[in-house]
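**Student:** Please read through the structure below; I'll follow up with questions.
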Amino acid sequence: MKTPSTLLITLLLFFQFNLAHAEEKIISLEKGKNIILNGNFIQGGFVYGKSIPKSTIKFMKRVIFQDINNRFVFGLGRDFPDTAELEIKYNDNIKKISIKIKKKIYKIQKIKGLPKKMVTPPENVYKRIIKENKEIAKVRALNTKINYIFQEFVWPVQGIITGVFGSQRILNGKPRRPHYGIDIAAKKGTNILSPTDSIVRMAEDNLYFTGGTIMLDHGHGVTSVYSHLSKLLVKKNQKIKKGHVIGHVGSTGRSTGPHLDWRINWFDQRLDPSMFIKEVNQ
């Protein structure tokens, strides 16, 4: 029979994930029963959790899926408030936890030389943009019970990071929405890899803003996006392995040069992809 200390060590070993700058929090429920959180408690961050059997977890009033091993995840978007609320229901007990979330200071990025229609789209493409955004939202709303999110992530492409997560963008002198991903500059035609095993949920070669676009499903509400591709090498609903070449770097859509725009979402929360990997991209 495992002692409480042995059980705790076992649970800690469960969380050898490669999140950059990860912190650990242990929430004590009662003797020998703990909730373990491991992740980045900062805007744009991501957290892995391990609960106890027959428990229900609510994060910001959303019931979140636990797998057979009671693992769960949640994300903290770019503009997440300074406190996260976690509710754990077990047996006939309910425990509510408030978690302090660090505020992030975002850069301002100025981009010039974009075609006018890519900064302020003409009215005749509004319907197209709305339709495309609805399809993207459908993928982001998926809550599949696959566990690829618990694999160690690898960089989808090697190159120079030219745009960071969360930066406020000024396009051709006009303020626009923040950047919700990271931009990695590389030569046109460079292979782009799947960072984990995944399922392709979108493979479109000509979206208005993002051009060649692929969306991958990692499970538990986590999806990743790969934009501006010159060539797509996967199809919708295709199951792929970690390291599979999904496409080639390009400059399609709203772009000023060959690069990959890599984004990660937990439902409607926009996350910083650089936090998923410890290794430096060179």
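**Student:** So for the pair VAL63, ASN172, with labels modelled 7 Å out along Cα→Cβ, what separation do we get in nm?
**Tutor:** Calculated label separation equals 4.8 nm.
**Student:** In Å and on Cα atoms, what radius of gyration and Dmax does segment 90-199 show?
**Tutor:** Here Rg and the maximum Cα pair distance are 19.3, 61 Å.
**Student:** For GLU123 and SER251, calculate 0.36 nm times their separation in residues minus their Cα-Cα distance, and state this gained length in nm to one decimal.
**Tutor:** Roughly 43.7 nm would be gained on extension.
**Student:** Work out from phi, with θ = phi - 60° and the Karplus expression 6.51 cos²θ - 1.76 cosθ + 1.60, the ³J(HN,Hα) of each residue of segment 23-40, listed in order in whole Hz, and give x for Gly and Pro.
**Tutor:** Per residue, the Karplus-derived 3J(HN,Hα) values read 10, 10, 10, 10, 9, 7, 8, 7, 3, x, 10, 9, 9, 10, 10, 9, x, 10 Hz.
**Student:** On a full-extension model of 0.36 nm per residue, what is the gain between GLU85 and LYS110, subtracting their alpha-carbon distance, rounded to one decimal in nm? Before the final figure, lay out the partial values.
**Tutor:** On the way: separation 25, 0.36 × 25 = 9.00 nm, distance 3.55 nm.
Gain on extension, GLU85 to LYS110, equals 5.5 nm.
**Student:** Exceeding 25 Å between C-alpha atoms, which entries from my cross-link table qualify? They are LYS110/LYS242; LYS25/LYS242; LYS33/LYS100; LYS127/LYS242. Show your work: numbers first, answer last.
**Tutor:** On the way: LYS110/LYS242 34 Å; LYS25/LYS242 29 Å; LYS33/LYS100 22 Å; LYS127/LYS242 36 Å.
Going by Cα-Cα distance, LYS110/LYS242; LYS25/LYS242; LYS127/LYS242 fall outside the 25 Å limit.
**Student:** Distances longer than 37 Å among the Cα atoms of the chain: what percent of all pairs is that?
**Tutor:** 17
**Student:** So who's got an amide H within less than 5 Å of the one on TYR106, skipping anything under 5 residues away but keeping other chains? H placed 1.01 Å off N, in plane.
**Tutor:** none
**Student:** How far, in degrees from 0 to 90, does helix 126-140 lean away from the longest principal axis of the Cα atoms of the chain, to the nearest 10?
**Tutor:** With rounding to tens, the tilt is 30 degrees.
**Student:** While we're here: Simple spin-label model, 7 Å along Cα-to-Cβ: LYS31 to ASN191 in nm?
**Tutor:** Result: 5.6 nm between the two label points.
**Student:** Moving on to the next point. If the viscosity is 1.306 mPa s and the temperature 10 °C, what Stokes-Einstein diffusion coefficient in µm²/s follows for segment 148-282 when Rh is the Kirkwood radius over Cα pairs? Display every interim value, and only then the final one.
**Tutor:** Details: Rh = 14.7 Å.
In µm²/s, the coefficient is 108.
**Student:** Taking the Cα atoms only, what angle lies between the long axis of helix 4-13 and the longest principal axis of the chain, rounded to 10 degrees?
**Tutor:** The two axes meet at around 10 degrees.
**Student:** Averaging sequence separations of C-alpha pairs under 8 Å and six or more residues apart, then dividing by the length of the chain, give the relative contact order as a whole percent.
**Tutor:** Here the relative contact order equals 18 percent.
**Student:** Pop the C-beta distance of ASN143 and LYS231 into the FRET formula with R0 = 30 Å and round what comes out to the nearest 0.05. Could you put the intermediate results ahead of the total?
**Tutor:** Details: r = 30 Å, r/R0 = 1.01.
With R0 = 30 Å, the Cβ-Cβ based efficiency is 0.50.
**Student:** What distance in nm lies between label points placed 7 Å from Cα along the C-beta direction at LYS239 and VAL154?
**Tutor:** Label at LYS239, label at VAL154, 2.0 nm between them.
**Student:** Take every DSSP beta bridge with both residues inside segment 108-276 and express the antiparallel ones as a percent of the total, to the nearest 5.
**Tutor:** Looking only at bridges with both residues in segment 108-276, the antiparallel portion is about 90 percent.
No lab work stands behind these numbers, since they all come straight from the coordinates. Note that the structure is a prediction, hence the values are computed from the model and not measured. Methodologically, a virtual Cβ is constructed for each residue, glycine included, from the backbone with ideal geometry; neighbour enumeration extends over all protein chains shown.
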